[in-house]
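Enquirer: I have a structure I would like to understand better, so I am pasting it below and will then ask my questions one at a time.
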Amino acid sequence: MITNEALERVRGWFVGRLPEEWRSTPPEITVDREEITVVLTVADVDLPDGSSDAERDEARAGRTKAFREDTRGRRIEIAREAEHRFERKVSWAVRVGDRTELFTHVAAPAMTRLRQPERLVLDTLVDAGVARSRAEALAWCVKLVGQHESDWLGELREAMSHVADVRTKGPAA
């Protein structure tokens, strides 16, 4: 469990370490057991009035690609320092307007035992062509729950974070 203090330390380090030109808005930082994800917001594209949605989408894709290529060396350097300091991999994403693109990320395995009713759900998704395997079907289910229960999951994470903070303030075992 990641405590509020641990998350604040990671956020603080990145705010202090990121180049000024990357911080037009504060970075969005998410931390779990394996990974730190840093989402940087880049200025939106400035197109003439009447530009089509396709033109705007492609302009944002181009700005994202340019930022990724132009900052690669510095991002790798910062990620190496953070990985050493926080013992987690660092992933990067960029937001331009309403487009967010994740450059790299960790795909961590999650082992579980499922009873037949749960396996049948996964097999139905595979048989219907929604997923290629049970593992992909399970990942699809997790994404679906995350989309539909984001408020509830957010409250639960916040409550768990408070519990973890209280535990760290208690007596040592």
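Enquirer: Tell me, yes or no, whether the stretch 128-146 has at least one residue that is surrounded by 11 or more Cβ atoms within 10 Å (Cβ to Cβ), under 23 Å from the mean Cα position of the chain (by Cα), hydrophobic (A, V, I, L, M, F, W, C) and under 30 Å from residue 24 (Cα atoms).
Expert: no
Enquirer: Is the stretch 50-69 home to any residue that is at pLDDT 95 or above, among the small types (Gly, Ala, Ser), more than 14 Å from the chain's Cα centre (by Cα) and under 25 Å from residue 157 (Cα atoms)?
Expert: No, the stretch 50-69 contains no residue that is at pLDDT 95 or above, among the small types (Gly, Ala, Ser), more than 14 Å from the chain's Cα centre (by Cα) and under 25 Å from residue 157 (Cα atoms).
Enquirer: Just for the stretch 71-118: of the residues that are more than 26 Å from residue 3 (Cα to Cα) and among the small types (Gly, Ala, Ser), which one is surrounded by the most Cβ atoms within 10 Å (Cβ to Cβ)?
Expert: Across the stretch 71-118, the extreme among qualifying residues is 97.
Enquirer: Every residue in the stretch 140-166 that is free of Cβ contacts under 8 Å to residues at least 60 places away in the same chain and farther than 19 Å from residue 110 by Cβ, please.
Expert: Scanning the stretch 140-166 gives 148, 150, 151, 152, 154, 155, 158, 159, 166.
Enquirer: If you don't mind, there's one more thing I want to ask. Just to be sure I understand, how many residues within the stretch 17-40 are open to solvent by less than 40 Å² (accessible area, probe 1.4 Å), in contact with a strand residue (DSSP E or B) (Cβ under 9 Å, 6 or more places away or on another chain) and either within 16 Å of residue 75 (Cα to Cα) or assigned to a helix (DSSP H, G or I) (or both)?
Expert: The number of residues fulfilling the criteria is 10.
Enquirer: Here's something else I'd like to know. Of the residues that sit in the stretch 43-70 and are in contact with a Gly (Cβ under 8 Å, 6 or more places away or on another chain) and open to solvent by 60 Å² or more (accessible area, probe 1.4 Å), which one is nearest to residue 22 (Cα to Cα)?
Expert: Per the stated criteria, the residue is 44.
Enquirer: All but one of (1) assigned to a helix (DSSP H, G or I); (2) within 20 Å of residue 8 (Cβ to Cβ); (3) without any contact (Cβ under 8 Å) to a residue 60 or more places away in the chain hold for residue 91; which doesn't?
Expert: (1)
Enquirer: While we're here: Name the residues in the stretch 6-16 that are surrounded by 13 or more Cβ atoms within 10 Å (Cβ to Cβ) and more than 18 Å from residue 68 (Cβ to Cβ), would you?
Expert: Across the stretch 6-16, the qualifying residues are 6, 7, 9, 10, 11, 13.
The values are calculated or read from the model by the stated rules, or taken from the named source; none is laboratory data. Being a predicted model, the structure only gives us computed values, none of them experimental. Glycine also receives a Cβ, built like all others from the backbone with ideal geometry; neighbour counts cover every protein chain displayed. Surface areas here come from the heavy atoms of the whole protein model, side chains and all, with no ligands, DNA or RNA. Shrake-Rupley method; radii C 1.70, N 1.55, O 1.52, S 1.80 Å.
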